[in-house]
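Single-structure report; data block below.
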Amino acid sequence: MTNGIITKVAGPLVIAEGMRDANMFDVVRVSKERLIGEIIEMHGDRASIQVYEETSGLGPGEAVESTGAPLSVELGPGLIGSIYDGIQRPLSEIMKVAGNSLKRGVEVPSLDHKKKWHFVPTAKKGDQLVAGDVLGTVKETNAVVHKILVPNGVQGTIVDIKEGDFNIDETVAIIDVNGKKKNLEMAVRWPVRIGRPYKRKLSPDILLTTGQRTIDTLFPIAKGGVAAVPGPFGSGKTVVQHQLAKWAAADIIVYIGCGERGNEMTDVLNEFPELKDPRTGNSLMERTVLIANTSDMPVAAREASIYTGITIAEYFRDMGYTVALMADSTSRWAEALREMSGRLEEMPGEEGYPAYLGSRLAQFYERAGRVLINGTDNKEGALSVIGAVSPPGGDISEPVSQATLRIVKVFWGLDANLAYKRHFPAINWLTSYSLYTDQLEEWFAENASKDFMQLRARLMSLLQDESELQEIVNLVGMDALSATDRLKLETARSIREDYLHQNAFDSVDTYTSLKKQVLMMRAILLCYDKSVEALKDGADTELLIGMSVRERVGRFKYEDEKNIDREFEAISTMLEKEIKDVLERSED
């Protein structure tokens with residue numbers, strides 16, 4: 001233990017002397033109230049400490065005690081369904097100890113050390129195991145089987161392992177490591193600033209299906225991919241993240257509310273337990289870990305919350321699960337960096353943010369990926385990261401948005417104008433992009449449709465054309481357009497309103513399978529192609545635009561998945577009949 005003395009207090013920053021034996025990133029206890037802090041700078045025996053709790057009332061001369069260990073999280077059964085603060089203290093336990101007001105210096109264990117879990121071994125006596133191999137399993141919730149892994153840096157022969165009910169501190173197996181016996185428990189600790197090891201990263205060429213048409217079709221994200229959702233206040237970032245949490249093809253969800261307003265985080269805490277998991281029919285919390293760090297909590301804890309969340313996510317990835325991490329929002333996290341950088345009197349970068357903002361963001365996002373996990377089985381795990389960015393006034397030219405866009409491969413740009421028009425998701429199709437599209441081409445051909453990318457390209461082309469034609473209409477009116485261009489505008493309207501617009505609260509429309517997405521695209525484009533042909537044969541434009549089949553195409557998205565083939569056939573038949581009627585009426 002290293003003991004020092006406080007010499008200066010500046011908000012969340014505390015300077016202490018006499019800390020010669022302490023190390024960078026060691027956790028310290030500050031003052032007699034034992035506030036939690038972390039050393040972020042060392043100059044000789046002088047340590048700069050960021051304190052994760054309110055520092056009012058602290059003064060020079062008070063004691064600082066180093067624990068000699070870095071900021072770590074406790075990993076084991078009991079994580080799923082928990083709600084933590086930024087440094088992995090369970091809020092429900094804090095409430096039992098401190099009541100509704102969050103008191104300083106509260107010490108509560110991250111996991112329940114008394115609860116018994118039923119451990120079922122998958123390894124047996126005499127097995128040779130390496131780090132990452134599965135020792136056994138614990139049924140944590142109805143949705144999650146928690147795999148107990150051989151800890152990193154351990155390999156040897158199992159000497160003893162037994163089934164039974166254990167708490168997380170009790171020995172479940174004994175392993176012989178080079179002649180020395182080592183007891184293995186169900187819980188391990190891991191430093192949050194160090195990524196958990198794996199064998200190698202794999203190419204991001206498998207789609208993370210989300211059931212959201214704008215995302216899956218136009219701007220897809222790969223398993224193990226990284227995406228940014230920037231947008232102004234009220235543009236629907238939180239709803240997009242809720243939809244992804246509910247419908248993305250992920251086994252585990254880790255949701256970090258980083259510096260968001262208290263009422264927004266309250267909504268999340270209230271809604272997640274009530275959201276029905278489409279996989280099991282039970283509460284979504286049965287496969288979710290929530291980290292709540294609101295804007296009125298100490299600023300420094302925001303900085304830690306992102307690392308706490310991604311370390312927990314990596315832990316489940318190492319079990320071979322697909323994990324989706326939602327960070328809402330990295331802008332608030334960057335503000336915490338700016339605050340600490342200012343207190344440390346560092347040379348500021350653009351808009352007062354520290355010069356190392358970009359590299360810190362990159363360190364966070366690069367921990368995502370689809371990987372070959374440790375162990376002898378060559379299994380895969382994936383960790384996808386979706387970060388919301390809240391630029392002031394929706395201006396994405398500010399440093400956090402720009403630094404994020406240089407790192408991530410998918411940009412879902414939310415548009416306030418679309419949100420005000422009640423267009424959900426309000427992802428602007430002209431400014432957003434996905435750099436995974438080319439790598440996913442083969443996957444789409446095998447799993448969706450051979451011509452999926454051609455259909456997608458045609459949709460994008462029509463939306464681009466609409467943007468240009470709309471400028472002409474605004475200047476000189478609709479009459480200036482040719483008949484073909486008017487059909488293009490009508491088709492683009494159908495793409496926008498019938499395909500890209502999706503009702504998150506409709507039981508059918510909230511999720512669309514890839515098969516249905518393909519049929520919906522085909523229906524819209526078939527309508528366009530047949531109308532263009534009929535136009536060449538002398539059909540009247542107004543009659544073509546007024547066909548009632550267009551309304552049926554618009555209602556296709558509300559059709560149940562089991563009826564989609566029949567409905568597509570019905571639309572095709574109705575289209576043929578109506579085109580024939582239009583041609584006959586045009587001749588008259």
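The values are calculated or read from the model by the stated rules, or taken from the named source; none is laboratory data. Note that the coordinates shown come from a computational prediction; the quantities given were computed from them, not determined experimentally. No Cβ is skipped: glycine too gets one built from the backbone with ideal geometry, and neighbour counts run over all protein chains shown. Areas reflect the complete protein model, heavy atoms only, side chains present, ligands, DNA and RNA absent. Shrake-Rupley method; radii C 1.70, N 1.55, O 1.52, S 1.80 Å.
Which of the strands (runs of 3 or more DSSP E) contained wholly in the stretch 132-192 include at least 2 residues that are touching a Leu at 6+ places or on another chain (Cβ under 9 Å)?
Filter on the stretch 132-192 gives 134-139, 145-149, 156-161, 173-177, 188-191.
Which of the residues spanning the stretch 222-262 are part of a loop (DSSP other than H, G, I, E, B) and either farther than 17 Å from Asn428 by Cα or hydroxyl-bearing (Ser, Thr, Tyr) (or both)?
First pass over the stretch 222-262, keeping only residues part of a loop (DSSP other than H, G, I, E, B): 223-225, 231-236, 248-251, 259-261.
Answer for the stretch 222-262, where residues must be part of a loop (DSSP other than H, G, I, E, B) and either farther than 17 Å from Asn428 by Cα or hydroxyl-bearing (Ser, Thr, Tyr) (or both): Lys223, Gly224, Gly225, Ser235, Ala248, Ala249, Ala250, Asp251, Gly259, Glu260, Arg261.
Could you tell me whether the stretch 372-382 includes any residue that is farther than 25 Å from Pro191 by Cβ and either in contact with a strand residue (DSSP E or B) (Cβ under 7 Å, 6 or more places away or on another chain) or in a helix (DSSP H, G or I) (or both)?
yes
Assess whether Val106 counts as being touching a Gly at 6+ places or on another chain (Cβ under 9 Å), among the β-branched types (Val, Ile, Thr) and open to solvent by less than 50 Å² (accessible area, probe 1.4 Å).
On the way: touching a Gly at 6+ places or on another chain (Cβ under 9 Å): no; among the β-branched types (Val, Ile, Thr): yes; open to solvent by less than 50 Å² (accessible area, probe 1.4 Å): yes.
When the stated conditions are applied, Val106 does not pass them.
Just one of Asn282, Asn270, Asn263 is in contact with a strand residue (DSSP E or B) (Cβ under 8 Å, 6 or more places away or on another chain), farther than 26 Å from Leu405 by Cβ and open to solvent by 40 Å² or more (accessible area, probe 1.4 Å); which is it?
Answer to the check: Asn282.
Go through (1) at pLDDT 95 or above; (2) open to solvent by less than 30 Å² (accessible area, probe 1.4 Å) for Ile206 and report which single condition fails.
Checking Ile206 against (1) at pLDDT 95 or above; (2) open to solvent by less than 30 Å² (accessible area, probe 1.4 Å), the one that fails is (2).
Considering the stretch 556-576 alone, what residues qualify as being open to solvent by 80 Å² or more (accessible area, probe 1.4 Å) and closer than 22 Å to Arg486 by Cα? Steps first, answer last, please.
At the first step, the residues of the stretch 556-576 found to be open to solvent by 80 Å² or more (accessible area, probe 1.4 Å) are 558, 562, 566, 569, 573, 576.
Correct list: Glu576 only.
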